[in-house]
Amino acid sequence: MPDLATLAPLVLTLMAVGAFAGVLAGLLGVGGGIVLVPAFFYLFEGMGHGSDQLMQVCLATSLATIIVTSARSVLAHHRKGAVDWSILRAWAPGIAIGALVGVMVVAQLRTPTLQVIFGVLVFLIALYMAFGRADWRLGTQMPTGGIRAAIAPVIGFLSVLMGIGGGSFGVPLMTLHGIAIHRAVATAAGFGITIALPAAIAFLITPVPQAPPYTLGAVNVPAFLIVIAMTTITAPWGAALAHRLNPKPLKRIFAGFLAIVALNMLRKALF
């Protein structure tokens, strides 16, 4: 069992990471998972728990936190009438199916492969955040029928492979189809629950060999509890800052940070 000298810096670091993730979620509409997954990885690896299954723990723990943060976000947006429930109801089943398939795939992959997947996808998200334009359009309404049936599972699948909620894929998808940004952010929070809830439940019954202490299935319980406590406090701070600051330069700065994180993850996996 880790001693106090080991646990104290771990707890403090997790508190700082959770606080940072909460502010980002409120400020930029970017789910904390995109920060939590690499943070968990470097923390657990630094504690000597590096293994071929470590990324599974990082992804599962991140998704478990998203259940709580997304639920709070949806409720807050619903009070303001910002959630488009028709979109959420239509897309949720396909997204959930894709998330469950993602869990089955993640359980078969090893840390280096998951690192490469995470690094590539985060780098693409960083490019979109840095160079995407608000006036880009693919259509005037959300896809339906066969196109929706094809896209929705992909959103759930890729999100689980990255340990993130629905914002990073859902918000661009909706804005590219003419949905106002505030409505897209609110509705994508619902995507997060649809992804994280079934995935986290499945991960709880997915044992991981050589997992860090106090891990249930693939979810590390202390990391989950500490991060949730901090994001609950700091997410409203980020939302308040969003009304005072210009988000465009902040998004570009954060895109640069994500690109560095993605490239470092790729370096560790490939070299």
(message) Tell me the net charge near ARG110. Cut-off is 15 Å between Cβ atoms, ARG110 excluded, with +1 for each Lys or Arg and -1 for each Asp or Glu.
(response) -1
(request) Would you mind ranking ARG183, ARG137, ARG244, ARG252 by Cβ crowding within 10 Å, fewest neighbours first? (result) ARG244, ARG137, ARG252, ARG183
(message) With viscosity set to 1.306 mPa s at 10 °C, what whole-number translational diffusion coefficient in µm²/s follows for the chain from Stokes-Einstein and a Kirkwood radius over Cα pairs?
(response) 86
(message) Which of GLN210, GLN115, GLN56 ends up with the largest GNM mean-square fluctuation for the chain, with Cα atoms connected below 10 Å?
(response) GLN210
(request) Compute the long axis of helix 181-204 from its Cα atoms, compare it with the longest principal axis of the Cα atoms of the chain, and write down the angle in degrees, 0 to 90, nearest 10. (result) 40
(message) Students often check this: by mean Cβ neighbours within 10 Å, which of 190-201, 77-88 ranks highest, and how do the rest follow?
(response) 190-201, 77-88
(message) Run lengths n ≥ 4 of DSSP H only: what is the helix-derived mean residue ellipticity at 222 nm for the chain, with -39500 (n - 2.57) per run over all residues, to the nearest 500?
(response) -26500 deg cm²/dmol
(message) Sort ARG89, ARG110 by Cβ crowding within 10 Å, fewest neighbours at the top.
(response) ARG89, ARG110
(message) Using only the alpha-carbon atoms, how far is helix 4-28 inclined from the longest principal axis of the chain? Give it as 0 to 90 degrees, nearest 10.
(response) 10
(request) Using a Gaussian network model of the chain whose springs link C-alpha atoms within less than 10 Å, name the residue from VAL35, VAL171, VAL116 with the highest mean-square fluctuation. (result) VAL116
(request) Assign one of three labels to the range 72-212, namely rounded, prolate or oblate, based on the Cα gyration tensor with a ≥ b ≥ c the square roots of its eigenvalues; rounded applies when a/c is under 1.5, prolate when it is not and a/b is larger than b/c, and oblate otherwise. (result) prolate
(message) If packing is taken as the average number of other Cβ atoms within 10 Å across a peptide's residues, how do 96-104, 128-136 rank, most packed first?
(response) 96-104, 128-136
(request) Could you give me the radius of gyration and the Dmax of the range 129-264, taking only the C-alpha atoms into account and expressing both in angstrom? (result) 17.3, 50
(request) Evaluate the charge dipole of the range 115-271 about its Cα centre and quote only its size in Debye, nearest 20, assuming +1 on the Cβ of each Lys and Arg and -1 on the Cβ of each Asp and Glu. (result) 400
(message) How tilted is helix 85-108 with respect to the longest principal axis of the chain? Cα atoms for both, answer in degrees (0 to 90, nearest 10).
(response) 30
(message) Within a 10 angstrom radius of the beta carbon, how do THR175, THR140 rank from fewest other beta carbons to most?
(response) THR140, THR175
(request) Just report the Cα centroid separation between the range 63-120 and the range 165-188, whole Å. (result) 13
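Read-outs throughout are calculated quantities, based only on the coordinates presented, and are distinct from any laboratory measurement. Quick caveat: nothing in here was measured; it's all calculated off a predicted structure. Here the Cβ is made from the backbone with ideal geometry for all residues, glycine too, and neighbour counts use every protein chain on show.
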